[in-house]
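*Asks:* Handing you this structure, nothing more for now.
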Amino acid sequence: MRTTNHRKLYLLLILLQITAVSVTAQTATRTLVRTGHLLNVKTGAEPAAQTIIVTGDRITAIAPTASTPKQSGDTEIDLTKYTVMPGLIDVHTHLTMAPNFDPYYELTMTPAKEAIIGVENAKITLEAGFTTVRNVGANDYTDVALRDEINAGHIPGPHMQASGPALGITGGHMDENLLPFEYHVHGQAVADGIAAVQHQVRENIKYGADLIKIGATGGVLSKGDDPQASQYTLEEMQAIVADAHRLGRKVAAHAHGGQGILWASEAGVDSIEHGSYLNDEGIAMMKKHSTYFVPTAYLIDWMQEFGKLPPLYQQKMKDVSAVEKQNATKAIKAGVKVALGTDAAVYPHGLNAHEIDVYVNQFGMSPLQGIQTGTINAADLMGWTDRVGTVEPGKWADIIAIDGDPLKDVKLLQHVPFVMKSGIVYKDEVHKQ
Ligand SMILES: [Zn+2]
């Protein structure tokens, strides 16, 4: 019995070796992406007729098409009528959540349902041209499972950094406050005090978190808390940041109110999400600490046009919406660094590129600056500058095509007809007709 098993194992190993060889041979073939124009998101240059050479999941070279003839075994992709650019990045998504804030719907959510919702939204987001996302808050580590299944190639979706459940104080934005005391329900990463937050950071990392998400202030879509009030103390956030950074994880802080923004930035978090009541003091602190600002601004426009929130959230949404845009504009004018984040899930997934339109046509960024928030800036915030954010040799082959020049009209980014991620084409409306 034992010998037979050994023989089987030996045969299996040989088989695996053969498979490994054939996979290597396969990935060594080149894909030549022929571009009309290739947008350099660092400089804004758009040289014509460039060819991106893709080998396996990486970009291996870029050269003028005229000097890059097709060789035997090469595959060609004709995007000569399009502007080609790096896949976009959204640093604030909730792929495993649906845009439904009915309290009963929330209470009946299960890990299985969340996971299935995530599968659907990962595909929608990727097909919208977002080849990388940072998922900031999900129950039961459904975001970690989603990331792993995408990476294993079982389902289509963007590259993901996942946080797992967001840390917050008892009764705060990250807690579950819909039910009375007798039910004893609480948010999954509620942690109060230095020792508890340290433990929670370590637990999130233990179960697969790539980053840590925290609630620095109250929020809008939660019962009984105040967006303007700070939640974690400076000392608690310092403890969170110290542990997360020591263990190689960034920290994203949900923060609306001025005091929470100030403390979170002082504590050394890597990004302030929302920033609705960002004031001069907060702006100065964020500049001093090089803290990124993630505006999540399009949701205000979407809410005003289509939103149907339950009554218990309506006034908070109104209050926050009344101030967020003018404060964001002030912060951007003052030179605070911005990374594109949408909070997709508050409105339907796949509309992520609308965020850039707000930055450009309401906050006064140039189109190139707007595109940079969703490429090189977002990559920098995620610590992934070595793999995403530009079309350059050595990076993942994450490439989208735009029909027209996005530097003339960033609204064109809302309709992406071609998406390649890691060298695999996930959407192609160019060659469909
Ligand atoms: Zn969010």
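The values are calculated or read from the model by the stated rules, or taken from the named source; none is laboratory data. What you see is a predicted model, and the numbers here were worked out from it, not measured in a lab. With ideal geometry, Cβ positions are generated from the backbone for all residues, glycine too; neighbour counts draw on all protein chains shown. The accessibility values were calculated without ligands, DNA or RNA, using every heavy atom of the protein model including side chains. Shrake-Rupley method; radii C 1.70, N 1.55, O 1.52, S 1.80 Å.
*Asks:* For V336, all conditions in the list (1) away from the ligand (no atom under 16 Å from the Cβ); (2) in a helix (DSSP H, G or I) hold save one; what is the number of the exception?
*Replies:* Condition (2) is where V336 drops out.
*Asks:* Further, regarding this structure: Run down V220, V185 and say which single residue is touching a Phe, Trp or Tyr at 6+ places or on another chain (Cβ under 7 Å) and either closer than 22 Å to V320 by Cα or surrounded by fewer than 24 Cβ atoms within 10 Å (Cβ to Cβ) (or both).
*Replies:* Selected residue: V220, the only one of V220, V185 that is touching a Phe, Trp or Tyr at 6+ places or on another chain (Cβ under 7 Å) and either closer than 22 Å to V320 by Cα or surrounded by fewer than 24 Cβ atoms within 10 Å (Cβ to Cβ) (or both).
*Asks:* Pairs only if they're at least six apart or on different chains, beta carbon under 9 angstrom, first in the range 86-107 and within 13 Å of P158 (Cβ to Cβ), second more than 11 Å from the ligand (Cβ to nearest atom) and of a type in the set (F, W, Y); list them, first residue then second.
*Replies:* Close Cβ pairs (under 9 Å, with a partner that is more than 11 Å from the ligand (Cβ to nearest atom) and of a type in the set (F, W, Y)) amount to G87/F130; G87/W396; L88/F130; I89/F130; I89/W384; D90/F130; V91/Y292; T93/F130.
*Asks:* Right, something else. Where in the range 356-433 are there strands (runs of 3 or more DSSP E), lying wholly inside it, with at least 1 residues that are in contact with a helix residue (DSSP H, G or I) (Cβ under 8 Å, 6 or more places away or on another chain), among the aromatic types (F, W, Y) and open to solvent by 50 Å² or more (accessible area, probe 1.4 Å)?
*Replies:* Details: elements: 399-402, 418-421, 424-428.
In the range 356-433, the matching strands (runs of 3 or more DSSP E) lie at 424-428.
*Asks:* Out of everything in the range 228-240 that is of a type outside the set (S, T, N, Q) and surrounded by fewer than 24 Cβ atoms within 10 Å (Cβ to Cβ), what residue ends up being farthest from the ligand (Cβ to nearest atom)?
*Replies:* Taking the candidates together, the pick is E235.
*Asks:* For residues that are out of contact with any Leu (no Cβ under 6 Å at 6 or more places or on another chain) and either modelled with pLDDT under 95 or assigned to a loop (DSSP other than H, G, I, E, B) (or both), scanning just the range 345-355, find the one that is surrounded by the fewest Cβ atoms within 10 Å (Cβ to Cβ).
*Replies:* Residues of the range 345-355 out of contact with any Leu (no Cβ under 6 Å at 6 or more places or on another chain): 345, 348-352, 354.
Applying the additional criterion that residues be either modelled with pLDDT under 95 or assigned to a loop (DSSP other than H, G, I, E, B) (or both) yields 345, 348-352.
Working: A345: 24, P348: 13, H349: 26, G350: 18, L351: 17, N352: 28.
The qualifying residue surrounded by the fewest Cβ atoms within 10 Å (Cβ to Cβ) is P348.
*Asks:* Within the range 351-410, work out how many residues are over 18 Å from H37 (Cβ atoms) and β-branched (V, I, T).
*Replies:* Adding up the residues that qualify gives 7.
*Asks:* Among the candidates T342, T390, which residue alone is of a type in the set (S, T, N, Q), modelled with pLDDT of 95 or more and either out of contact with any strand residue (DSSP E or B) (no Cβ under 7 Å at 6 or more places or on another chain) or more than 16 Å from the ligand (Cβ to nearest atom) (or both)?
*Replies:* Among T342, T390, only T390 is of a type in the set (S, T, N, Q), modelled with pLDDT of 95 or more and either out of contact with any strand residue (DSSP E or B) (no Cβ under 7 Å at 6 or more places or on another chain) or more than 16 Å from the ligand (Cβ to nearest atom) (or both).
*Asks:* Just the residues that are surrounded by 13 or more Cβ atoms within 10 Å (Cβ to Cβ) and more than 16 Å from the ligand (Cβ to nearest atom), please, taken from the range 95-112.
*Replies:* P103, P111, listed by residue number.
*Asks:* A follow-up question, please. In the range 345-373, which residues are within 16 Å of the ligand (Cβ to nearest atom) and polar (S, T, N, Q)?
*Replies:* Matches in the range 345-373: N352 only.
*Asks:* A further question follows. Out of the residues in the range 299-326 that are open to solvent by less than 90 Å² (accessible area, probe 1.4 Å) and of a type in the set (D, E, K, R), state the one that is nearest to E355 (Cα to Cα).
*Replies:* The qualifying residue nearest to E355 (Cα to Cα) is D301.
*Asks:* Then there is this: Could you please give the count of residues in the range 184-225 that are over 25 Å from V91 (Cβ atoms) and either touching a Cys at 6+ places or on another chain (Cβ under 7 Å) or in contact (Cβ under 8 Å) with a residue 60 or more places away in the chain (or both)?
*Replies:* Residues that pass the stated criteria total 1.
*Asks:* Among the residues of the range 145-175, what is the count of those that are of a type in the set (D, E, K, R) and open to solvent by 50 Å² or more (accessible area, probe 1.4 Å)?
*Replies:* 2
*Asks:* Do any strands (runs of 3 or more DSSP E) entirely within the range 1-94 hold 1 or more residues that are at pLDDT 95 or above, among the acidic types (D, E) and open to solvent by less than 90 Å² (accessible area, probe 1.4 Å), and if so, which?
*Replies:* 75-86, 88-93
*Asks:* Being within 16 Å of the ligand (Cβ to nearest atom) and open to solvent by 10 Å² or more (accessible area, probe 1.4 Å) is the filter here, so list the residues in the range 244-255 that pass it.
*Replies:* Answer for the range 244-255, where residues must be within 16 Å of the ligand (Cβ to nearest atom) and open to solvent by 10 Å² or more (accessible area, probe 1.4 Å): just K250.
*Asks:* Go through T329, T291 for me and flag whichever is away from the ligand (no atom under 16 Å from the Cβ), open to solvent by less than 20 Å² (accessible area, probe 1.4 Å) and among the hydroxyl-bearing types (S, T, Y).
*Replies:* Checking each option against the conditions leaves just T291.
*Asks:* In the range 202-233, what residues are at pLDDT 95 or above and of a type in the set (A, V, I, L, M)?
*Replies:* I205, A209, L211, I212, I214, A216
*Asks:* Being away from the ligand (no atom under 15 Å from the Cβ) and aliphatic (A, V, I, L, M) is the filter here, so list the residues in the range 131-156 that pass it.
*Replies:* V144, A145, L146, I150, A152, I155 - these are the residues of the range 131-156 that are away from the ligand (no atom under 15 Å from the Cβ) and aliphatic (A, V, I, L, M).
*Asks:* Would you mention how many residues in the range 95-146 are out of contact with any Asp or Glu (no Cβ under 9 Å at 6 or more places or on another chain), closer than 21 Å to G168 by Cα and in a helix (DSSP H, G or I)?
*Replies:* Matching residues across the range 95-146 total 2.
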